[in-house]
Ligand SMILES: [Zn+2]
């Protein structure tokens with residue numbers, strides 16, 4: 001009997017040490033938790049982990065207030081988006097839609113492929129000091145791994161936005177892995193504003209690790225969602241926007257000629 005008890009104790013201790021080892025391993029491999037408010041909020045991202053130091057030290061961070069832009073005739077920004085299956089998930093910070101391969105953005109002769117889009121509320125960028133109810137980010141990656149992001153402001157209009165309707169109808173309330181909704185097709189080309197004038201500047205990811213070298217293209221014209229669509233997102237996320245950062249020495253350009 002005593003022997004059995006001792007054996008049990010050894011077994012329990014073994015299990016406990018295994019659990020601790022597993023917990024430590026998880027801590028080492030997973031990036032630290034971060035939030036949009038409080039102790040792990042944007043003001044502290046740079047202190048949470050060495051890998052996040054650009055969030056505090058970077059001089060070319062995003063978002064920014066899009067103001068005092070220099071007017072330019074910007075040629076060579078072209079989207080060629082194809083329809084995609086709806087593959088959607090809640091990553092704990094936002095709702096993200098992973099886009100099927102084959103949709104491209106060409107900027108200054110460099111081709112980027114649309115990888116995913118996701119949402120922020122309120123908008124992360126401001127235009128002349130004004131924030132909008134939401135902002136959608138279309139994230140593109142080049143063959144070399146460079147990123148270009150198209151930002152579109154989302155405002156409240158009268159009717160449901162049909163292009164976004166399948167997405168807002170499928171918002172996952174719990175964080176989890178991507179899942180593809182059977183029989184649903186989306187088309188990112190219908191999600192962009194008809195008038196495609198835009199601001200452009202060099203910036204960063206707006207979430208840790210805040211990597212720089214991101215080409216930002218933010219449309220000057222917002223797109224409308226219904227109040228119900230905005231509310232559906234607010235039911236999951238009340239605030240998931242990084243505050244605006246200093247522009248520092250960067251150029252901010254605005255396309256002044258429609259139709260290019
Ligand atoms: Zn974003």
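The values are calculated or read from the model by the stated rules, or taken from the named source; none is laboratory data. Computed from a predicted model, the values in this text were never measured in an experiment. As a convention, Cβ positions derive from the backbone with ideal geometry for all residues, glycine included, and neighbour counts pool all protein chains shown.
Brief remarks on what is shown
- Among (1) closer than 25 Å to residue 100 by Cα; (2) in contact with a strand residue (DSSP E or B) (Cβ under 9 Å, 6 or more places away or on another chain); (3) within 16 Å of the ligand (Cβ to nearest atom) - the single one residue 241 does not satisfy: (1)
- Taking segment 168-260 as the region of interest, the strands (runs of 3 or more DSSP E) fully inside it that hold 3 or more residues being within 24 Å of residue 45 (Cβ to Cβ) are 198-204, 212-219.
- Of all residues in segment 118-143, those being within 19 Å of residue 101 (Cβ to Cβ) and either within 12 Å of the ligand (Cβ to nearest atom) or crowded, with 23+ Cβ neighbours inside 10 Å (or both) number 5.
- The single condition from (1) more than 17 Å from residue 84 (Cβ to Cβ); (2) within 16 Å of the ligand (Cβ to nearest atom) that residue 193 fails is (2).
- Number of positions in segment 66-76 that are more than 25 Å from residue 245 (Cα to Cα) and modelled with pLDDT of 80 or more: 1
- So residue 164, is it farther than 23 Å from residue 252 by Cα and either away from the ligand (no atom under 16 Å from the Cβ) or surrounded by fewer than 20 Cβ atoms within 10 Å (Cβ to Cβ) (or both): no
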